[in-house]
Amino acid sequence: MEGVALRSFDEALRRLKEEHIRITPQRKAILEFLAHSNEHPTAETIYKSIEDKFPGMSVATVYNNLKLFTKIGLIREMNYGDASSRFDFFTELHYHAICRNCGQMTDFYYPGLEDVEMAAGKLTGYNIDSHRLEVYGLCPRCQTRIEK
């Protein structure tokens, strides 16, 4: 299911209510972490960040909620082969710059790449329905460290 663009944590909570999904403290904490994170965190990162608030919560709770949020389009899961999936609160079409040194991801928007899907379909015969773009380099922080 293609994600609906969300602008805020409050909109995400409204969406859960519309879907008749109970808003538990754990769900709220997971969503809030995602909404305020620029890291594109893994499930493990989220778990470690909120486990102190919920001592009885398991990693499975985080995974199950992320799966639910992805299914209803609240977040987008980004798979990278064998590496752990990362999760993005912003579901609008956007791209990622990834640091080769520390792994930090930064969102950026670049209009007009939808034409790539049409061209790819014509060149390959595939029925193209999505794409993603990642560019790699050194983030500003790692550039500064290397220059020192």
| said: Where the second residue is acidic (Asp, Glu) and the first is at pLDDT 90 or above and lies in region 116-136, which pairs have Cβ atoms under 7 Å and are six or more apart or on separate chains? | reply: 128/117
| message | Tell me which strands (runs of 3 or more DSSP E) are completely within region 1-112 and hold 1 or more residues being aliphatic (A, V, I, L, M) and surrounded by 13 or more Cβ atoms within 10 Å (Cβ to Cβ), or say none if there are none. | response | 76-80, 95-99, 105-108
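The values are calculated or read from the model by the stated rules, or taken from the named source; none is laboratory data. Computed from a prediction, not measured in an experiment: that's the story for all the values here. Positions of Cβ are generated from backbone atoms using ideal geometry, with glycine treated the same way; all protein chains shown enter the neighbour counts.
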